[in-house]
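Derivation of every value follows stated rules applied to the coordinates shown; laboratory data play no part. Computed from a predicted model, the values in this text were never measured in an experiment. Don't worry about glycine lacking a Cβ; one is built from the backbone with ideal geometry, like all the others, and counts go over all protein chains shown.
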Amino acid sequence: MTIRIVTDSASDIPSEVARKLGISIVPLTVSFGKKVYREGLDLNAEEFYSKLAQSEELPKTAQPSVGSFIDVYETLAQQDNEIISIHLSNKLSGTYNAALLAKEAMTKDCRIEVVDSKSVSMGTGLTVIAAAKAVRDGVTFKEAMDIIHRNVSRMHLLAFLQTLEYLEKGGRLGKGKVLLGTLLHVKPLITVQDGEVQPFGRARTTRGALQRLYDFVNALLHIRGLSIMYTTVSKEVEILAKLLAPLFPQDRIIVTQVGSTLGTHTGPGTLAVAALVE
């Protein structure tokens, strides 16, 4: 029997990577007015940012339904009886709890473990990818869980935002609220620690932010996985990838566009790095 790996669309794992590793992705939803879209299925990232630029109101995001998780778990359980489901921070979304409720509602005989990644975007995604690769290499269920929990504690993420406005409107600032007054008109740097958004500093220019992102990665030892995430600034992605190349093989850096769930709360112009260390 094969261990199946499940995550949610807020992990921002590129679809081709998910397909190659057999990762199942349960979509969150985003709604503009009464129109609801499943992230990555009904609305891709480019379409979302186009709509976001034209929308007068911030779209609303929602966790997957319990039923969505049950459908995925039931389908996988027809072939295998072990599932590990890894999701974005429980402090930022109800997705983790929805997965737990689905686990409890399962009628098929299937071992399911639900894990809080305590991160977002590829901070979750790198943990998921590492788990899927370990499973592909033949680890046991217990070994896979040990690897996942170890990686959760060794994940580092830093994001550069053009403004805190989107996080503030979406209610996801967490401890970053303490800097709201001083950073609302400055370009903030934020991190995620223990599943919560926290302030990291500020950058007055995009060039300065690129240097801060480089310095953040450069300070880490024994990097095993690295990702660059962006919303709409693809030009800066190329610059950052070249900056980071001496620290980690450029062809192994996973570059991904942030989807609608996190894009709603970070806004256009966001650039971030996630690193998994030994």
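Taking every DSSP beta bridge that has both residues in the chain, what percent is antiparallel when rounded to the nearest 5?
Roughly 60 percent of the DSSP beta bridges within the chain come out antiparallel.
Less than 11 Å Cβ to Cβ from residue 76, Lys/Arg counted +1 and Asp/Glu -1: what total charge do the surrounding residues give?
For residues surrounding residue 76, the net value is -2.
With the crude spin-label approximation of a point 7 Å out along Cα→Cβ, what separation in nm comes out for residue 97 versus residue 80?
Placing both labels 7 Å along Cα→Cβ, they lie 2.9 nm apart.
Counting only complete DSSP H runs, which helices of the chain cover 27 Å or more along their long axis at the Cα atoms and score a mean Kyte-Doolittle of 0.0 or above?
Helix filter hits for the chain: none.
Where q = 0.07, 0.08, 0.13, 0.17 Å⁻¹, what log10 of I(q)/I(0) comes from the Debye formula for the chain, counting one point per Cα?
For the requested q values the scattering log ratios are -0.23, -0.31, -0.83, -1.40.
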